[in-house]
Each structure stands twice: as C-alpha cells, then as structure tokens.
1. Residues that are more than 30 Å from Pro277 (Cβ to Cβ) and at pLDDT below 95: find the helices (runs of 4 or more DSSP H) completely inside segment 171-244 holding 2 or more of those.
2. Would you call Glu196 farther than 28 Å from Tyr234 by Cα and of a type in the set (Asp, Glu)?
3. Give just the number: which of (1) of a type outside the set (Ser, Thr, Tyr); (2) within 24 Å of the chain's Cα centre (by Cα); (3) open to solvent by 70 Å² or more (accessible area, probe 1.4 Å) does Arg292 not satisfy?
4. Taking the residues in segment 215-253 that are within 19 Å of the chain's Cα centre (by Cα) and crowded, with 24+ Cβ neighbours inside 10 Å as candidates, determine which candidate is nearest to Thr114 (Cα to Cα).
5. Report, by residue number, each residue of segment 22-66 that is open to solvent by less than 30 Å² (accessible area, probe 1.4 Å), among the hydrophobic types (A, V, I, L, M, F, W, C), over 18 Å from Glu91 (Cβ atoms) and touching a strand residue (DSSP E or B) at 6+ places or on another chain (Cβ under 8 Å).
6. I need the full set of residues from segment 170-191 which are among the hydrophobic types (A, V, I, L, M, F, W, C), open to solvent by 30 Å² or more (accessible area, probe 1.4 Å) and within 16 Å of Asp116 (Cα to Cα), in order please.
7. Taking Ala155 as the residue in question, decide whether it is under 30 Å from Ala25 (Cα atoms), modelled with pLDDT of 95 or more and aliphatic (A, V, I, L, M).
Amino acid sequence: MGAKCTFLLATVLSFLALASCTARARVDEVVKGFFGEINGSNFESAKAKYLSASLINELNAPSSLRALGAPLHKTVEQSFQGAAGGIDSIEVGSEEIKGEQASLATTLVMKWGTKDSGSIELIKEAGKNWKISGWGEFKALGSEHLANAATLCNARNLDAALSEYRAALIENPQDSILIFYMGGCYEIMGKLNEAEAEYKRSIQMHPNALWDPYLRLGWIYQIRGNIAQAEQAYQKTIKNKPDYALAYNNLAWLYADKGIKLDRAIELAQKASELAPNEGNFLDTLGWAYYRKGDRAQALKYLTPGFTISVRSG
C-alpha cells in the first residue's frame, strides 16, 4: 500500500512539473511573439494577437478618460516604438506563475548592445490561452547612472560625469550607446580627440547597427576640413539609418558648403525635407545648394528669413 501511494505521489508530482513546464513554455512563447511583432513595427498585430480582452478595452478607452488622468496603459506603439527594428534577442528570465496569472521579467537585447528590462503580466483567458494583461516600464541597464552623467556633463563636471558613465558600463559592458554618450560628453567639453576615440570605440562594437556615432564623427571631420572622411561617415550614417533626415541634411550641407557634387546635394536636401517637412534648417540647406549651383530663383523659394548668405558662404 505504501509503495502504491509513493508511486501515485511521484506521478502527481511529475504531472505538476510537466504542467508547470508547459505553462512556462506557453507564456514565453506569448512574450516572444509579442515582441517579435513589435520588432517588425506591427503594433496593431501585436495588440490583436497577444493582448487580453480587458487590456484591449482599456487601450480603446475614449481619449476623454485619458484627459481626466485615468490610470490607463500607454498604447503598444507609445510604449515600445523605440524598440521597433532594433531588437536582436528577447530574454525571458525569472517568472511567477500562479494559477491563471503570470509575471515574467523580460529583457530586450538591442542590436547595439543596450538591454532594456521590465516586466510582462499575463492572464489565462477563459482557462485557455495566455494573453498579456499589462507591462511595467522598461529601462535600460545603467539608466540611472546615465541620467546622472547627463546632468553632470551639462554642469561641465567632466570627471564626475565620466565616473557615472563607467558605472553604467559596469552594469552592461556591451552597451555601445553608453560609450557614444561618453563621447558626446567629451565633445560638449570641446575635447574632440577624446570624443572621436569614444565614437570609434562605440562603432567597433556594433559597426552596422549604429548611426549617431558616425554622424558625430562626420561633423568632427567636417570642422577639421577632412572632407573625404566626413563624407564617408555621413554615408555610413545613411546606410545604417535610411530614414535619418539629419544625416541626409548634413551630407547635403557638406557638399553645398564646399561647392561640390551640387546636384547630389540638392537630392539629399530634398530627401531630408521629405523626411522632416517641418524642419526649416533643412530647407535652408536645399536653398543653399541651389544658390551654390547658381540657381538663385530656386534658392529664394527655400531659404528661410534670417538665413545670411555672407555668413554661410564657406
């Protein structure tokens, strides 16, 4: 009799362990599927496939309720649009599954090394399918140190700012964006050699995933008069971020200011203005390119009031 009871107990425990593993696999699948849709910018699909009915109803609540300050979730797009296209992998860590509710620690590993961590809440709707019922704020590892560093850098306290950047890197040594920000702090202080070194170090970690370090390098090369290097850096910025209006503008300005490749400068400035139609400086660049080409009639269509040709003659 005792042996039979032991056998039955072992069977029950095995069944519970299997059920637990199955539940874990399913909630993991939901979380990874959700962020897979987000990575493809399929925000509505992520909402329809993976959110609970109650959360969808909340997200569809009238804007008047939001205006009244009701504690409503941000939309999927508002919460995660910054991650779209940049997620390299999804790590689902520790979990707590109690009956038909689950909470999972989740980390989004970005292509440039940043790790955004937060929590995902799930419920089992009608005892059948796991659905996401909410999420906590996702923050990058080292974000507190990064915020402190920015404040210190703006206060021109370089040593203290660098200490905070390094503390952030201890939390995530693979985050090339932290190194980029360190370079930016050096640039604010006018230490361009140090800034250049940090931008290059950032690029070495993820050369095809970054764009801002190339843009800043382009500007440093441009003000030094290294036109070929500046051109190459801006072109790489555009290659890595084809919808980055500022990169098109900066390369257009480089050509126009030096009076070279003016037809290409006009194309680039037009592209920048298409991507950011409300940016007056991009129209100035377009107008300046036309002016340098000798087409003053076209130039006057785009140059905004206050643009001084004598100052920007190169």
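The values are calculated or read from the model by the stated rules, or taken from the named source; none is laboratory data. Here the structure is a predicted model, which means the values were calculated and not measured. Cβ coordinates were reconstructed from backbone atoms using ideal geometry, including for glycine residues, and neighbour counts include every protein chain displayed. The area values use the complete protein model at the heavy-atom level, side chains included, leaving out ligands, DNA and RNA. Shrake-Rupley method; radii C 1.70, N 1.55, O 1.52, S 1.80 Å.
1. By residue number, no helices (runs of 4 or more DSSP H) qualify.
2. Answer is no for this residue.
3. (2)
4. Checking each candidate, the answer is Thr237.
5. Ala23, Leu51, Leu55, Leu59
6. Passing the criteria: Ile170, Ile177.
7. The answer is no for Ala155.
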